[in-house]
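Everything on this sheet refers to the single structure shown next.
Rule-based calculations on the coordinates, nothing more; no lab input. Everything numeric in this text was worked out from a predicted model, so none of it was measured. In this analysis, Cβ positions are derived from the backbone assuming ideal geometry, glycine residues included, and neighbour counts consider all displayed protein chains.
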Amino acid sequence: MKYIEFVNNLIKQEVIKHDNLVLFGQNINAGSCLGGLTRGLKVKENSKIINSTNSENSLCGLGFGLLMGGTHSVFFMKQLDFLLLGIDHLVNTFNIIRNMDYFKSKASFTIMPIIVDNGYQGPQSSLNNFSDFCSIARVSGYTITNKSDAEKIISSELIKPGFRIICVSQRLFQEELLIPEKLEYVNKENTVFQYSVGQDATIVCFNLSFPYGFELSKRLKNKGASCSLFTINSPVEYDWSKIIDDLKITKKLVIFEDSKSVNTNVPAFLSDSLASCKLDKKIIIKRKIDESWLNPISDALEINYDEIVSQLL
Amino acid sequence: MIEPKTAIVKEILKNRMYQLLVNQKYKEKKFKIPIHLALGHETIATSVSNIMSKNDSLILSHRNIAYNLARLGSLKPILDEYFLEKNGLMKGKLGSMNLINPNYGVIYSSSILGNSFSVAAGIALSYQMTGSDGITIVLGGDGSIEEGSFHESMLMLKSLNLSALVIIENNEWSMSTRIDERRHPINLQKFCEAYDVKYTKLEGNNPFTYIEILKNLKESSLKTKSPICIEVMVTTLGDWTMETPEFPNGKFINYHAGPTPSVDVTQGLSPLRKTNEDPIYALEQIFEKAELDQIKNEIKLECSEEL
C-alpha cells in the first residue's frame with residue numbers, strides 16, 4: 001500500500017467517529033482531493049465538509065473561530081508554504097485561546113498541510129521548514145513518516161481539544177508505505193518513536209527523514225549489526241532522555257535532518273547528548289545549502305550508505 | 001430584551017463617566033498597559049449591547065472599552081483587569097487590548113487589524129453547525145477594511161450562508177493619519193453590493209434609532225442567513241494640540257491611545273464637542289433636559305467614591 005493511501009484511510013476512519021466536525025480546505029473533495037490525502041472523506045450527519053475559498057489567512061481564523069464556538073475542525077492544506085499567510089492566527093489568535101481556560105477544552109482545531117519536499121518546484125512552493133511554523137509560537141506539531149507514527153498520531157492527535165499542526169510528506173505520497181517491524185517505544189506526547197533496539201548505533205531522524213534512517217538500519221542489519229532507530233516527530237520536542245540513554249550504550253550517533261531551516265532542534269539535541277555521554281562516532285547528515293538550493297532540483301538528501309556503514313562498523 | 005429609554009440613556013452616560021475615570025487614572029500614570037479609550041463610541045456600544053441576546057457573540061477590536069463597559073455595566077472588574085490584578089475581569093491575564101468577557105458574550109478581542117473577521121466567521125459557522133439561535137457581531141474600524149482578511153471573511157460569511165453583523169466603526173482616522181491622507185476612499189456600500197451583502201449606514205448618535213435599526217438587521221440576518229455590513233460614523237473624542245519646535249502654534253493630535261490631556265474628569269458629563277459627533281450632545285438634543293440632568297446626578301452619586 002502507498003503511504004498516501006494508508007494515511008487517507010486513517011483519516012477517513014478517524015473523522016467518521018466525531019460529532020460536530022467541520023473538514024475544510026481548497027478542493028478537499030474535488031479533483032485530486034489534494035493528491036489523495038482527502039479522497040473519499042465521509043462525516044456524520046451533524047458534521048460538514050467544505051470546499052473552501054482560496055483565503056488561507058482567513059481559513060486559519062475560521063478554524064480558531066470554530067474552536068471558540070465549540071466545533072471541531074481540520075483544515076487540509078495543499079502545501080505548507082500556504083500557511084505563511086496564516087501565521088498571524090498561529091501566533092496571535094492561538095495565544096488568546098491557550099491563555100484562557102475557557103477555550104482550552106472547547107474543541108479541536110488541526111491544520112494538516114502537505115510538505116512539498118519532493119523537489120523540482122523552483123524558488124517558491126518548496127518550503128519544508130516545519131520547525132519554523134511550530135517554533136514561532138511554540139505550536140504542537142507532528143510529522144507522519146511511516147505506518148507506526150501515522151497510526152498513533154492520527155488516532156490520538158488529529159481531533160482532540162486544542163490546536164496543532166500535523167504534516168505529511170509529498171515525497172512519500174506515491175512511495176510504498178514504510179512499515180517498521182516493531183514499535184518499541186513511543187512517549188505519551190507521540191513525539192518520540194523508537195522502532196528498534198540495537199548495540200552498534202543510534203539513528204535519530206528529524207523532520208521527515210525517517211526513510212533515510214530506515215534504509216540505514218536495514219543495511220546495518222544486512223551486515224549483521226544492530227541499531228536503535230528513533231524518529232523525533234515534533235520540532236518542539238525537548239525531552240530526548242530515552243534517546244540519550246540509548247546513546248550511552250551504543251556510543252555511536254547518526255542524525256538525519258532534511259529540513260531547509262536553520263531553526264531545527266538538532267543543535268539542542270546534540271548539546272544535551274554530548275553533555276550526557278562521550279561518543280565514539282558522530283555522523284550528521286543534513287541538507288547542503290549551496291548556490292543551487294533554490295533551483296528546481298531534487299529535495300532528496302544525497303547519502304552514501306556504504307560509507308556510513310563502514311564508519312560505524 | 002430592549003431596555004426602557006431612560007435606562008439606555010443612563011448606560012451611555014455611565015459609559016462616558018467610567019471612561020473619564022479611566023482616563024484620569026491613566027493621566028496619573030497608574031496603568032502599565034496600553035489602553036485605547038473610546039470616548040465618542042458610547043452610543044453604538046450601548047446600542048449593540050442592547051440588541052444582544054443570551055446566545056449572541058460579540059467580537060471586538062483593541063478599542064473595546066466602550067463595549068466591555070456596556071456589556072458588564074460596571075467599572076471595577078475592568079479597572080482591576082487594567083491593573084492586572086487577580087480579581088480583574090479576566091484575572092489579569094488579558095489586560096485591555098484583548099479583553100473579553102465570555103459570560104456576557106464577549107468571546108474574542110483582537111489587537112490585530114482585520115484578524116477578528118475570520119474568527120467571527122468561524123464562530124458563526126459553529127452556530128450554524130449546532131443550530132444555535134445566536135448571531136455573531138463583529139466590530140472593526142475603517143483601518144481594518146484595508147486588510148485582505150476583511151474581504152476574505154466577507155466572502156466566506158456570504159459563501160457559507162452565515163448570519164453575522166459586521167460593524168465598521170468609521171472614525172476616519174488610522175492612528176495619526178486621516179483616511180484621505182493615506183488612501184483612496186473605499187465605498188463600503190459598493191463593496192457590499194459586489195458580494196450581495198446588505199449594507200446600512202448609521203450616524204447621528206441617536207441610540208433609539210440605532211437600536212431599532214440594529215434589532216431589525218439582526219432579525220434579517222438570522223432569517224436570510226446572510227451577513228449584514230453596518231458602517232457607523234463615530235468620532236473618537238479626546239484630541240488635543242501639541243506644541244513642538246516644528247509647530248510652535250500647536251499641532252492637532254487626533255486621539256488614538258493613551259490618556260487624553262484635553263479631557264478631565266472634573267468636566268463631568270458635559271459634552272466634549274457641541275455637535276452630534278458627541279453622544280452626550282446628541283442625547284441633549286433628543287432627551288428632556290431635566291430628566292437628563294437627573295440621570296447625570298445619579299451617575300455622579302454612584303461614582304462619587306471613584307470621583
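Would you confirm whether or not the range B:80-101 contains a residue that is surrounded by fewer than 24 Cβ atoms within 10 Å (Cβ to Cβ), within 14 Å of chain A (Cβ to nearest Cβ), under 15 Å from the mean Cα position of the chain (by Cα) and within 30 Å of B:N161 (Cβ to Cβ)?
Within the range B:80-101, one or more residues are surrounded by fewer than 24 Cβ atoms within 10 Å (Cβ to Cβ), within 14 Å of chain A (Cβ to nearest Cβ), under 15 Å from the mean Cα position of the chain (by Cα) and within 30 Å of B:N161 (Cβ to Cβ).
Hey, could you check the range B:116-154 for residues that are in a loop (DSSP other than H, G, I, E, B) and small (G, A, S) and say which is farthest from the other protein chains (Cβ to nearest Cβ)?
B:G143
Which residue out of B:Y195, B:Y104, B:Y108 is in contact with a helix residue (DSSP H, G or I) (Cβ under 6 Å, 6 or more places away or on another chain) and over 24 Å from B:S47 (Cβ atoms)? Show your work before the answer.
Values: B:Y104 fails: over 24 Å from B:S47 (Cβ atoms); B:Y108 fails: over 24 Å from B:S47 (Cβ atoms).
Going through B:Y195, B:Y104, B:Y108 in turn, the sole match is B:Y195.
Considering only residues that are of a type in the set (G, A, S) and crowded, with 21+ Cβ neighbours inside 10 Å, which ones fall in the range A:65-93?
Correct list: A:G65, A:G69, A:S73, A:G86.
Take the residues in the range A:91-114 that are in a strand (DSSP E or B) and not aliphatic (A, V, I, L, M); name whichever of them is nearest to the other protein chains (Cβ to nearest Cβ).
Among those that are in a strand (DSSP E or B) and not aliphatic (A, V, I, L, M), it is A:F109.
Quick check on B:L157: is it in a loop (DSSP other than H, G, I, E, B), crowded, with 19+ Cβ neighbours inside 10 Å and either among the acidic types (D, E) or within 11 Å of chain A (Cβ to nearest Cβ) (or both)?
no
For the range A:121-131, how many residues meet the condition of being of a type outside the set (G, A, S), in contact with a Pro (Cβ under 8 Å, 6 or more places away or on another chain) and either closer than 18 Å to A:S209 by Cα or buried (at least 21 other Cβ atoms within 10 Å of the Cβ) (or both)?
So the answer is 1.
Just need a number here: residues in the range A:26-47 that are buried (at least 22 other Cβ atoms within 10 Å of the Cβ) and either β-branched (V, I, T) or in contact with a helix residue (DSSP H, G or I) (Cβ under 7 Å, 6 or more places away or on another chain) (or both).
3
Of all the residues that make up the range A:51-62, how many are within 7 Å of chain B (Cβ to nearest Cβ) and among the hydrophobic types (A, V, I, L, M, F, W, C)?
Selection size over the range A:51-62: 1.
With out of contact with any Leu (no Cβ under 7 Å at 6 or more places or on another chain), free of Cβ contacts under 8 Å to residues at least 24 places away in the same chain, part of a loop (DSSP other than H, G, I, E, B) and not acidic (D, E) as the only criterion, which of A:S292, A:S261 stands out?
A:S292
When only residues in the range A:127-153 that are of a type outside the set (A, V, I, L, M, F, W, C), part of a helix (DSSP H, G or I) and over 11 Å from the mean Cα position of the chain (by Cα) count, which is nearest to A:F94 (Cα to Cα)?
A:S135
In the range A:63-81, what count of residues is obtained for those that are in contact with a strand residue (DSSP E or B) (Cβ under 7 Å, 6 or more places away or on another chain) and either more than 11 Å from chain B (Cβ to nearest Cβ) or assigned to a helix (DSSP H, G or I) (or both)?
The first filter runs over the range A:63-81 and keeps only residues in contact with a strand residue (DSSP E or B) (Cβ under 7 Å, 6 or more places away or on another chain), leaving A:63-64, A:66-68, A:71-80.
Next cut, either more than 11 Å from chain B (Cβ to nearest Cβ) or assigned to a helix (DSSP H, G or I) (or both) only: A:63-64, A:66-68, A:74, A:76-80.
Summing the residues that are in contact with a strand residue (DSSP E or B) (Cβ under 7 Å, 6 or more places away or on another chain) and either more than 11 Å from chain B (Cβ to nearest Cβ) or assigned to a helix (DSSP H, G or I) (or both) in the range A:63-81 gives 11.
Restricting to the range A:132-148, what's the tally of residues that are buried (at least 19 other Cβ atoms within 10 Å of the Cβ), closer than 20 Å to A:N118 by Cα and of a type outside the set (A, V, I, L, M)? Give the steps one after another, and end with the answer.
We begin by selecting, within the range A:132-148, every residue buried (at least 19 other Cβ atoms within 10 Å of the Cβ); these are A:132-134, A:139-146, A:148.
Still in the list and also closer than 20 Å to A:N118 by Cα: A:132-133, A:142-146.
From the residues that got through so far, the ones that are of a type outside the set (A, V, I, L, M) too are A:132-133, A:142-143, A:145-146.
Number of matching residues: 6.
Restricting attention to the range A:112-142, report how many residues are without any contact (Cβ under 8 Å) to a residue 60 or more places away in the chain and more than 18 Å from A:R287 (Cβ to Cβ).
Qualifying residue count for the region: 3.
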